[in-house]
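Structure first, commentary second.
The values are calculated or read from the model by the stated rules, or taken from the named source; none is laboratory data. A quick note: this is a predicted structure, and the numbers were derived from the prediction, not measured. Backbone-built Cβ (ideal geometry, glycine too); neighbour counts: all protein chains shown. Accessible surface is based on the protein model in full, side chains and every heavy atom, while ligands, DNA and RNA are left aside. Shrake-Rupley method; radii C 1.70, N 1.55, O 1.52, S 1.80 Å.
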Amino acid sequence: MRKIAMLAAAAAALVLTGNARAAEVEIKLLNKGSDGAVMVFEPAFVKVAPGDTVKFVSTDKGHNAESIKGMLPEGAAPFVGKNNEDIAVKFDQEGVYGIKCLPHYGMGMVALIVVGKPGNVDQAKAVPQVGKAKQVFAKLFDTLEASKTASR
């Protein structure tokens with residue numbers, strides 16, 4: 001009987017710690033990044049596990065974070081943060097997520113979040129971008145490709 005109680009306690013502990021393993025990653029919304037670039041998410045490329053949370057921190061005023069239509073995995077809910085407010089988003093669906101700051105989208109203020117296995121890369125790459133966002137996303141997708149090669 002004691003063995004059963006110990007096994008039940010161990011099982012309960014595993015269930016309870018399962019949610020504790022989820023991580024929270026911060027991305028700052030900045031007027032100027034550490035490399036001198038203006039209007040940036042820092043970091044602009046993040047890899048997380050399903051169930052992790054990304055907190056977009058409105059470090060400098062005048063920014064928001066929101067998903068880009070078409071740059072989400074199937075079944076993922078879009079989100080829109082308010083200007084000058086932090087927003088925490090839990091990413092449950094595996095795939096690639098394109099993120100923008102609406103006021104500075106054309107200036108290239110975008111980010112790429114990869115959750116688990118990036119199955120929707122081609123779909124995300126096909127979404128037309130505006131202004132400098134096109135160049136920044138090209139670099140972010142190159143970073144994704146390099147990270148896939150490095151992990152092999």
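For segment 68-152, what percent of Cα pairs sit more than 14 Å apart? List each step's numbers first, then the result.
Working: 2279 of 3570 pairs.
Pairs farther apart than 14 Å: 64 percent.
Note that segment 79-91 has calculated 3J(HN,Hα) couplings of 9, 9, x, 8, 4, 6, 10, 5, 9, 10, 10, 8, 9 Hz, one per residue in order, obtained from phi through the Karplus relation 6.51 cos²θ - 1.76 cosθ + 1.60 (θ = phi - 60°); glycine and proline are x.
Which pairs break 26 Å Cα to Cα here: 69/117; 32/117; 28/82; 61/125; 82/134; 61/90?
On the way: 69/117 20 Å; 32/117 31 Å; 28/82 14 Å; 61/125 29 Å; 82/134 24 Å; 61/90 23 Å.
Over 26 Å Cα-Cα: 32/117; 61/125.
Comparing Cα centroids, segment 91-152 and segment 28-68 end up 13 angstrom apart. Between the amide H of residue 45 and those of 112, distances stay under 5 Å, these residues lying 5 or more places away or on another chain, with hydrogens modeled in the peptide plane. Among 130-137, 110-117, the peptide with the highest mean count of other Cβ atoms within 10 Å heads the list, and the full ranking is 110-117, 130-137. The Rg/Rh ratio of the chain, with both radii computed over alpha carbons and Rh defined as the Kirkwood radius, is 1.09. For 105, 97, the ranking by accessible surface with the largest value first comes to 105, 97, using a 1.4 Å probe.
Would you mind working out the magnitude of the charge dipole of segment 16-152 relative to its Cα centre, with +1 at each Lys and Arg C-beta and -1 at each Asp and Glu C-beta, to the nearest 20 Debye? Before the final figure, lay out each step's value.
Numbers: 17 positive and 15 negative charges, 48 e Å.
Computed charge dipole of segment 16-152: roughly 240 debye.
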